[in-house]
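The values are calculated or read from the model by the stated rules, or taken from the named source; none is laboratory data. Here the structure is a predicted model, which is why all the values come from computation and not from measurement. Because the Cβ atoms are built from the backbone with ideal geometry, glycine has one as well, and the counts that use them run over all protein chains shown. Side chains included, ligands, DNA and RNA excluded: accessible areas come from the protein's heavy atoms. Shrake-Rupley method; radii C 1.70, N 1.55, O 1.52, S 1.80 Å.
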Amino acid sequence: QPALVQDFTPDIDTAADAVTSTLSQDPGAYPVAFAVSPDGGTVYVTDAGILQVAAISTATDTVTGTLATNKKPGEIAVTPDGARAIVTDYHSNTIEVITIATDAITTVTVGSNPEGVVISSDGTTAYVANPGSDTVSVIDLATDAVTATIPVGSSPYGVTLSNDGTTAYVTDFD
């Protein structure tokens, strides 16, 4: 039986400003972040309590599967082709690159305490904010290797890209 995610609200009707469904799970669950698949059919939710990523169907609001993680999952991003998920682990200074179809995991060491993650629109590059080292790691997703470490302001937490992909925006926690 696939695990559910405690107190995750998958549906809010934006026209009515009302919750339409909620999923619940064991007290050990600890949902942290989510990402929607490119086709909109699946929401992936990281669960730091059960050490997994739950795949939830947006059509049925049910858990259709889980992706095991080796570490405590935090933030998540899904590649534009929907084939892989990038999950941060604040406590191990790594990200996990998960191949969704096979649940295969490649672990990549990044800066200290990785949090925010974003993937370029062409799916070739991931950017990870590392508040513990005041850096952003640039990861080549063809090789799953860090190609650059960019010093930024104090405690970068979030990262996103401009629509044309030419600029990364980073929030500083301090």
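Could you tell me whether region 72-80 includes any residue that is over 14 Å from the mean Cα position of the chain (by Cα) and either in contact (Cβ under 8 Å) with a residue 24 or more places away in the chain or over 22 Å from VAL45 (Cβ atoms) (or both)? Can you show your working first?
First pass over region 72-80, keeping only residues over 14 Å from the mean Cα position of the chain (by Cα): none.
No, the conditions are met nowhere in region 72-80.
Can you give me the number of residues within region 27-40 that are modelled with pLDDT of 85 or more and open to solvent by 60 Å² or more (accessible area, probe 1.4 Å)? Show your work before the answer.
Filtering region 27-40 for residues modelled with pLDDT of 85 or more gives 32-40.
This time we only want the ones that are open to solvent by 60 Å² or more (accessible area, probe 1.4 Å), so: 32, 34, 36, 38-39.
The total comes to 5.
Could you please tell me which pairs satisfy a Cβ distance under 6 Å, a separation of 6+ or placement on different chains, a first residue in region 156-171 that is more than 19 Å from SER133 (Cβ to Cβ), and a second residue that is among the small types (Gly, Ala, Ser)?
LEU161/ALA168; GLY165/SER120; GLY165/SER121
Among the numbered criteria (1) at pLDDT 95 or above; (2) open to solvent by 10 Å² or more (accessible area, probe 1.4 Å); (3) of a type in the set (Val, Ile, Thr); (4) within 11 Å of the chain's Cα centre (by Cα), which single criterion is violated by VAL43?
(1)
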